[in-house]
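The structure appears right after this line, and notes come after that.
The values are calculated or read from the model by the stated rules, or taken from the named source; none is laboratory data. Since the model is a prediction, treat every value here as computed from it, not as a measurement. Heads up, the Cβs are rebuilt from the backbone with ideal geometry, glycines too, and the neighbour counts pull from every protein chain shown. With ligands, DNA and RNA removed, areas are computed over all heavy atoms of the protein, side chains included. Shrake-Rupley method; radii C 1.70, N 1.55, O 1.52, S 1.80 Å.
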Amino acid sequence: MDRKRRTFIAAAAGAALLRAVPAIAQSYPARPVRMVVPYGPGTVSDMLSRLLAQRLGETWGQGVVVENVVGAGGVIGIQALAKSPPDGHTIGMISSNFAMNPAVHANLAYDSVRDFRPVLHLTFNHFAFVVNPSFPARTVAELIALAQAKPGTIDYASSGNGGSPHLAVEMFAHMAGIKLTHIPYRSNGDGVTAVLSGQVSLMATSASTLLPHIRQGKLRALAVSGNRRSALLPDVPSVAEAGVPGYDMRNWNGILTPGGVSDAIVAKLQSDITNVFKRADFEAKVHALGAEIEPLGPDDFARRINDEIALWKRVVKESGVRIG
C-alpha cells in the first residue's frame with residue numbers, strides 16, 4: 001500500500017470508525033442516494049462524483065444518482081443540499097467555491113457552517129495560469145511587468161463572477177500589485193474558447209481541462225496555482241515560485257451532508273468512502289482527472305472550510321473585487 005493511501009486511511013479513521021457502525025446506520029442507505037453536484041458536467045467535481053457514485057452504489061446495493069444543480073457559482077446546488085432532509089439520502093460534492101460564496105454573496109439562503117456536516121475532504125487539483133501563444137509574456141514576471149506598465153489593459157476570462165477562476169486571478173493580481181480586467185463568460189468552456197481564439201489574454205482554471213491545449217501548443221502555461229508544482233505539468237513553476245511569494249490556491253473537493261444528519265450515518269459515509277479510496281484502481285482514476293488525494297476527516301475539513309471562508313472574505317475586501 002503506498003503512502004497516499006495509508007495517509008487517506010489514517011486521516012479518515014476516527015473513533016467513530018474504530019467501533020462497529022451503530023445499529024441505526026446498519027440499514028443505511030434504505031433507498032437510492034442523491035449526490036448533488038453544484039457545478040456543471042465535465043468539471044473535476046462532476047467527474048469525481050460519478051466515479052465515487054458508481055463505487056458507492058456497488059457497495060450499498062443502492063443507486064447513487066448524481067444530479068448537477070448549477071447556477072450562481074454553486075449557490076443553487078448548495079442551497080438545495082441545505083434544504084434536503086437530514087437522513088443521509090442526499091449528500092453533496094462541493095469544491096472551493098463553497099468557501100468563496102460567503103465572500104461574494106451578501107444574502108445566502110443558508111449558513112455555510114451551521115447548515116451542513118463535513119464528512120470528508122477528498123482531493124485537490126491545481127489551476128494553470130495560461131495565455132494565448134500570441135501574448136507577449138512568457139513568464140509570470142513578464143506578465144506582471146506588462147501589467148505594471150499598462151494597468152488594466154490585460155484582460156482575463158473566467159467562468160463567471162465569483163467563481164474559482166475569477167477569484168484565483170483576483171488573488172494573484174492583488175498579491176502581485178497589478179490591475180487586470182475581468183471578462184466573465186457563461187461557462188468555463190466559453191472562457192477557454194475565448195483565450196484560445198485570442199479574444200482574451202489570460203485565464204486560470206483546472207490544469208486537467210487545459211492540458212490538451214497546452215500540449216498542442218494552443219495555450220502557454222505560465223504557472224500553476226498550488227504551493228508546489230503539479231504532476232500534470234512538472235516543468236511549469238508554481239505562482240509562488242515564479243514571483244508571487246505566498247500565493248497558494250488549490251481547488252478542492254469534499255463531501256457534505258445537510259446539517260442534522262446523525263453521527264452514525266456520517267461515520268458510515270466516512271467508512272464506506274474511505275474504503276473506496278483505498279482501492280488502487282480507484283486512486284488511478286482520480287489521478288487521471290488531474291486530482292491529488294488529500295484526506296481530511298470531519299474536524300480538519302471543517303477547519304479548512306472556516307479558514308478559507310475567512311481568507312476569501314479578506315481577498316474580496318482588500319482587492320475590491322466587483323461581483324455584479
Can you find, among Met175, Ser230, Gly243, the residue sitting farthest towards the positive end of the charge dipole of the range 163-253, where Lys and Arg contribute +1 and Asp and Glu -1 at Cβ? Ser230
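What FRET efficiency comes out for Gln54 versus Lys83 if R0 is 30 angstrom and r is the Cβ-Cβ distance? Round to the nearest 0.05.
Details: r = 26 Å, r/R0 = 0.88.
Efficiency, from the Cβ-Cβ distance: 0.70.
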Rounded, prolate or oblate: pick one for the range 181-239, where a ≥ b ≥ c are the square roots of the eigenvalues of its C-alpha gyration tensor, a/c under 1.5 means rounded, and failing that, prolate if a/b is larger than b/c, else oblate. prolate
Taking every other residue with Cβ under 14 Å from the Cβ of Val316 and scoring Lys and Arg +1, Asp and Glu -1, one gets +1
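Tell me the per residue accessible area of the range 217-324 using a 1.4 Å probe; a whole number in Å² is fine. Don't jump to the answer; show the numbers that get you there.
On the way: 4470 Å² over 108 residues.
Each residue of the range 217-324 exposes 41 Å² on average to a 1.4 Å probe.
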Which net charge results when you count Lys and Arg as +1 and Asp and Glu as -1 among the other residues whose beta-carbon is under 14 Å from that of Lys179? -1
Mind checking the full-extension length gain between Asn306 and Asn161? Use 0.36 nm per residue of separation minus the Cα-Cα distance, one decimal, nm. 50.0 nm
With every protein chain in place, the range 213-301: carbon and sulfur % of accessible area (1.4 Å): 47 percent
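Using a 1.4 Å probe on the protein heavy atoms, what percent of the accessible area of the range 102-208 belongs to carbon and sulfur? All intermediate terms of the calculation are to be shown ahead of the outcome.
Working: 2030 of 4110 Å².
The C+S portion of the solvent-accessible surface of the range 102-208 is 49 percent.
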In the range 250-275, whose amide N lies under 19 Å from the spot 7 Å out along Cα-to-Cβ of Arg114? List them in ranges. 257-262
Check: in the chain the Lys pairs 8 or more apart or on separate chains whose Cα atoms fall under 20 Å apart number 6
Charge tally for neighbours of Ala80 with beta carbon under 14 Å away, counting Lys, Arg as +1 and Asp, Glu as -1, is 0
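Mean residue ellipticity at 222 nm from the helices of the chain, using -39,500 (n - 2.57) per DSSP H segment of n ≥ 4 over the full residue count, to the nearest 500 deg cm²/dmol?
Computed mean residue ellipticity for the chain: -13000 deg cm²/dmol.
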Of [x] 51, 49, 47; [y] 60, 37, 33; [z] 66, 44, 30, the label for Cα extents along the principal axes in Å derived from the coordinates: [z]
Highest mean first, what order results for 69-76, 305-312 on Cβ atoms within 10 Å? 69-76, 305-312
For the chain, with a Gaussian network of springs between Cα atoms less than 10 Å apart, report the residue from Ala231, Ala128, Ala194 with the top mean-square fluctuation. Ala231
Length gained, Ala141-Asn227, 0.36 nm per residue minus C-alpha separation, equals 29.2 nm
Trypsin sites (Lys or Arg not before Pro) lying in DSSP loop within the range 120-186, provided at most 14 other Cβ fall within 10 Å: Arg138, Arg186
